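For reference, the structure discussed in these notes is given below.
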Amino acid sequence: MVPRFRRASQLLQLLCRSGLNTMGGDTLMNTPMYCSTKLAKYGTWSTPTTPISKTTDFPSKYEVRLNDMFWSKPGSLSLPTNSPLRIEEPKYEGLKHLVFRLLLFYSKQSKSIRGANVMYQRIISQVDQPLIYDVFQLEKTFKTTFSLLVLHMWLVLRRLKEDGKEGVEFGQYLYEIYNHDVELRVSKAGVNLLLIKWMKELEKIFYGNIVAYDGAMRPDSKNDQLVEVVWRNIFSDDGSDTPNSAAAVPVNALSRYTRRESTCLSLTDKESIFSGNFMFTSLEKQNVLR
């Protein structure tokens with residue numbers, strides 16, 4: 001069991017008191033109800049009195065459609081070769097090609113760093129879009145954004161491990177980019193003097209979440225373990241182990257999404273993964289907001 005991290009809760013209090021109202025350019029909730037927090041087991045977050053994230057009362061028709069989501073057969077997430085969203089390696093010729101080669105632009109490390117940057121952009125484009133909070137009925141707070149970011153980082157790191165040592169090394173570049181991004185987001189709160197201290201606490205939360213997700217996806221894990229982990233890491237207000245009735249529908253939907261995306265990434269070819277030329281499942285195409 002990962003211990004409670006009291007100092008990380010102080011970070012969130014500082015974030016709120018300092019007037020941080022953006023994360024990745026999007027509006028955050030900035031009221032006292034989101035500032036009284038503590039961390040529960042598995043590196044998750046909880047609050048003793050008031051909710052950090054809460055489910056929203058949506059019409060029953062929305063819930064019925066949410067129950068129908070993420071049951072389709074998984075498939076590759078690779079972008080088609082003619083997709084305008086693809087990012088291709090620049091191709092230089094002649095003297096320019098020679099100069100860039102001398103500058104190690106074409107080295108394995110340089111290619112990996114570029115691919116990791118593209119991959120991270122795919123992650124934050126999924127996490128920062130307002131629709132993901134609407135679909136899963138989450139308030140957009142620092143806590144929920146960070147939790148969803150960690151979830152998607154785990155998904156791609158899990159896929160990279162399937163490619164052995166090369167994938168693990170690539171994952172290190174990705175983690176460095178993620179870490180830098182989180183550092184920039186936190187520094188906007190105006191707590192730069194404490195930045196190293198708080199980043200260590202957020203790192204503990206990250207690894208606590210990773211361990212919990214890995215455990216929930218083991219073949220010998222119980223059927224509802226992933227549901228419980230998603231609940232604790234993203235939805236839970238009080239550190240309880242199982243979702244309450246009001247949150248059951250979105251928690252189960254996000255759990256199905258998580259399991260399905262993991263399978264889809266496994267079906268995605270190595271070249272698309274390492275170049276970042278894939279996209280997570282489009283929530284808009286699920287057509288649930290009618």
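So here's what we get for this one:
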{"read-out": "Number of the exception - Asp238 against (1) at pLDDT below 90; (2) touching a strand residue (DSSP E or B) at 6+ places or on another chain (Cβ under 8 Å); (3) within 15 Å of Phe136 (Cα to Cα)", "value": "(3)"}
{"read-out": "Helices (runs of 4 or more DSSP H) fully within region 88-184 counting 1 or more residues that are crowded, with 21+ Cβ neighbours inside 10 Å and either touching a residue at least 60 places away in the same chain (Cβ under 8 Å) or of a type outside the set (Val, Ile, Thr) (or both)", "value": "108-127, 130-135, 142-161"}
{"read-out": "All positions within region 232-260 that are surrounded by fewer than 22 Cβ atoms within 10 Å (Cβ to Cβ) and charged (D, E, K, R)", "value": "Asp237, Asp238, Asp241, Arg256, Arg259, Arg260"}
{"read-out": "Restricting region 166-189 to residues that are over 28 Å from Lys111 (Cα atoms) and touching a helix residue (DSSP H, G or I) at 6+ places or on another chain (Cβ under 8 Å), the residue that is modelled with the lowest pLDDT", "value": "Ala189"}
{"read-out": "Among (1) of a type in the set (D, E, K, R); (2) surrounded by 15 or more Cβ atoms within 10 Å (Cβ to Cβ); (3) more than 21 Å from Ser112 (Cβ to Cβ) - the single one Lys200 does not satisfy", "value": "(2)"}
{"read-out": "Residues satisfying the stated conditions in region 185-230, i.e. polar (S, T, N, Q) and outside any helix (DSSP H, G or I)", "value": "Ser221, Asn223"}
{"read-out": "Positions within region 219-231 being at pLDDT 95 or above and surrounded by fewer than 19 Cβ atoms within 10 Å (Cβ to Cβ), in sequence order", "value": "Gln225"}
{"read-out": "Residues located in region 235-280, provided they are among the polar types (S, T, N, Q) and assigned to a helix (DSSP H, G or I)", "value": "Ser245, Asn252, Ser255, Thr258, Ser262, Thr263, Ser266, Ser272, Ser275"}
{"read-out": "Residue count, region 229-287 (criterion: touching a Leu at 6+ places or on another chain (Cβ under 6 Å) and aromatic (Phe, Trp, Tyr))", "value": "1"}
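The values are calculated or read from the model by the stated rules, or taken from the named source; none is laboratory data. The structure displayed is predicted, hence computed values, not measured ones. Counting neighbours? That spans all protein chains shown, and the Cβs are built from the backbone with ideal geometry, glycine included.
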